[in-house]
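For reference, the structure is listed below as structure tokens.
The values are calculated or read from the model by the stated rules, or taken from the named source; none is laboratory data. Values in this document were obtained by computation on a predicted structure and should not be read as measured data. All Cβ positions, even for glycine, are placed from backbone atoms using ideal geometry, and neighbour counts span all protein chains on display. Quick note on the areas: whole protein, heavy atoms, side chains included, nothing else; ligands and nucleic acids left out. Shrake-Rupley method; radii C 1.70, N 1.55, O 1.52, S 1.80 Å.
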Amino acid sequence: MISIIRIIFISALLILSGCVKNEFSIEFNLPADVTTNYKISYYASDKRGGMMIETVAPVVNGKFLLKGKTVNPSLVFLTGSGKQSLAFYVERGETLKISGESADPYSWDITGNELDEQWGKWRKENAKELALQNPEKTNSLIAKYVTDNPSSPISALMLLTSFSRRDNEPLFRSLWLKLTDEARNSKWTSLAGRADQPDNYVKTPGRLHSMAVRSFHHGVDTLRTDSAKATLLFFWHSGLPERREYMDSIKSLAKEYPDSAKRLIADICLEADSIAWRSPLRSDSLKNVVRAWAPAGLADSRLMTLLVPRAPYFIVFDSDGKQNYRGSDTQEAFSKFRSLMGE
């Protein structure tokens, strides 16, 4: 059924074609010893809507010509056998030509439009570092490019497709705010279609002053940051493989700061099912920790204001309710908590 719908959609694109065909091409011209499959995905669309297309480019003896269908500009994502991933910007009627001396996508020369040529040049110059697949290193390379080229659309596309926001969200926000001129055009965020960046604006995480939550011991508890030197919230769900390790770490932190009048520590379960929340709590044996439940999960409006993106996740607040740490690193979260506590 899905295949039929796909055929109908692509056929409709062809019917709408005029002087410029509603298609693009990617031509591979690699060494004769390169025979491999590259995964290809892109969003094919016109003014009435679109759909994701997933296919494979079976490069044999270095050659293959991929034909894609779209009316609107699109981002094409390519994944290599070594999990190298890169994106191309294409418009209908364009032919992107890929050449190089190996199967490594980071080392390729790209021609077809100015944006991809510049983007490909940057990847080639940084091929060794990008091949390490190290998020911190990749983020650093992108940060330098964005800082040096704040008005370039490539800066926006790098942030949207290659920057690991999970590993350094504060840096992502600061870099996004540096973008100027054409790089701030909303079409780039529309092309990327990221769930955590639905529009052209980057939101600032909200402050927390007080929040009533369902709790295991009291039925309802109110989390108040102004009554504590530091507040640590940990968000989790029952399918978390490392849940026990996280809870043991929180238990140790709570013992380190036994006076709950000076600090606030809470774990918040994001499960919709109360049984999934309650079942593991007694075995945790956490003391002086608020055991809270948010059945709406990430859709809870208060958590959306705090910009809680996933679980597991820590947020550390100061006494003014300002977020001082956001992320999944236990040691970094605890270090910031201890710093706020003055030790």
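The modelled label-to-label distance between SER102 and GLU332, using points 7 Å beyond Cα along the C-beta direction, is 3.0 nm.
Label sites at LYS121 and ASP196, each approximated as a point 7 angstrom past Cα along Cα to Cβ, lie 3.1 nm apart. Distances between placed amide hydrogens fall under 5 Å for PHE64 paired with PHE28, all partners being 5 or more residues away or on another chain.
Residues whose amide H comes within less than 5 Å of that of ARG263, counting only those at least five positions distant or on another chain, are LYS229 (H built at 1.01 Å from N in the peptide plane).
Comparing VAL202, LEU177, SER215 along the charge dipole axis of region 173-296, the residue lying farthest to the positive side is SER215, per the Cβ-charge model. Rolling a 1.4 angstrom probe over the protein heavy atoms with all chains in place gives region 218-343 an accessible area of 46 Å² per residue. Where in region 302-343 is the amide nitrogen less than 17 Å from a point lying 7 Å along the Cα-to-Cβ axis of ASP248? Residues passing the 17 Å test: 330-331. At what distance in angstrom do the alpha carbon centres of region 123-164 and region 211-232 lie from each other? If we compute the Cα centre of each part, the gap is 40 Å.
With R₀ set to 25 Å, the beta-carbon distance separating GLU27 from ASN72 gives a calculated FRET efficiency near 0.70.
Values [x] 20.8; [y] 22.4; [z] 26.0 are given for comparison; mean projected area of the Cα convex hull in nm², derived from the coordinates here, is the one labelled [x].
For region 298-311, the Karplus equation 6.51 cos²θ - 1.76 cosθ + 1.60, evaluated at θ = phi - 60°, returns couplings of 5, 7, 4, 4, 5, 6, 5, 5, 6, 6, 6, x, 5, 10 Hz by residue, with Gly and Pro reported as x. What does the charge count around ASN324 come to, taking other residues whose C-beta lies under 14 Å from its C-beta (Lys +1, Arg +1, Asp -1, Glu -1)? Here the count lands on +2.
Residues LEU191, LEU240 ordered from highest to lowest accessible area at a 1.4 Å probe: LEU191, LEU240. In region 153-194, which residues have a backbone nitrogen under 20 Å from the label point lying 7 Å from GLN133's Cα in the Cα-to-Cβ direction? Output list for this probe position: 161-168. Counting only DSSP beta bridges whose two residues both lie in region 248-343, roughly 50 percent are antiparallel. With the simple spin-label model, which puts each label point 7 Å out from Cα in the Cβ direction, the SER285 to GLU114 separation comes to 6.8 nm. What residues qualify as long-range amide H neighbours of PHE24, i.e. H under 5 Å apart, gap of 5 or more or another chain, H built at 1.01 Å from N? For PHE24, whose amide H was placed from the backbone, the distant partners under 5 Å are GLY68, LYS69, THR70, GLY93.
Grab the Cα-Cα distance for LEU240 and SER174, subtract it from 0.36 nm times how many residues apart they are, and report the gain in nm with one decimal. Don't skip to the end; give the middle numbers.
Details: separation 66, 0.36 × 66 = 23.76 nm, distance 3.04 nm.
Taking 0.36 nm per residue and subtracting the Cα distance, the gain is 20.7 nm.
Would you mind working out the magnitude of the charge dipole of region 31-116 relative to its Cα centre, with +1 at each Lys and Arg C-beta and -1 at each Asp and Glu C-beta, to the nearest 20 Debye?
Numbers: 9 positive and 10 negative charges, 91 e Å.
Using Cβ point charges on Lys, Arg, Asp and Glu, region 31-116 gives about 440 debye.
What net charge is computed for the residues neighbouring ARG310, neighbours being all others with C-beta under 13 Å from the C-beta of ARG310, Lys and Arg scored +1, Asp and Glu -1? Don't jump to the answer; show the numbers that get you there.
Working: positive: ARG165, ARG166, ARG326; negative: ASP167, GLU169, ASP196.
In short, 0.
Each residue of region 140-151 is assigned a 3J(HN,Hα), and the resulting list reads 5, 5, 5, 4, 5, 5, 5, 4, 7, 9, x, 9 Hz, derived from the Karplus form 6.51 cos²θ - 1.76 cosθ + 1.60 (θ = phi - 60°), x at Gly and Pro. Ordering 154-163, 311-320 by mean Cβ neighbour count within 10 Å, with the highest value first, yields 154-163, 311-320.
Where in region 286-320 does the label zone of THR222 land, with the point 7 angstrom along Cα→C-beta and an amide N cut-off under 18 Å? Label zone hits: 290-293, 302, 319-320. Ordering VAL76, SER335, ALA32 by Cα displacement along the dipole of the chain toward the positive end leaves SER335 in first place; charges were set at the Cβ atoms of Lys, Arg (+1) and Asp, Glu (-1).
What percentage of the solvent-accessible surface of the chain, computed with a 1.4 Å probe over protein heavy atoms, is contributed by carbon and sulfur atoms? Show your work: numbers first, answer last.
Details: 8840 of 17220 Å².
For the chain, the apolar C and S fraction of the accessible surface comes to 51 percent.
Between ASN185 and SER301, what's the calculated FRET efficiency when r is the beta-carbon distance and R0 is 25 Å? Round to 0.05. The pair ASN185/SER301 has a calculated efficiency of 0.25. With +1 on each Lys and Arg Cβ and -1 on each Asp and Glu Cβ, how big is the dipole of the chain about its Cα centre, in debye rounded to the nearest 20? With Lys and Arg at +1 and Asp and Glu at -1, about 800 debye. Listed values for region 28-40 are Karplus-derived 3J(HN,Hα) couplings in whole Hz (6.51 cos²θ - 1.76 cosθ + 1.60, θ = phi - 60°), namely 9, 9, 10, x, 5, 8, 8, 9, 7, 9, 10, 6, 10, and x replaces Gly and Pro.
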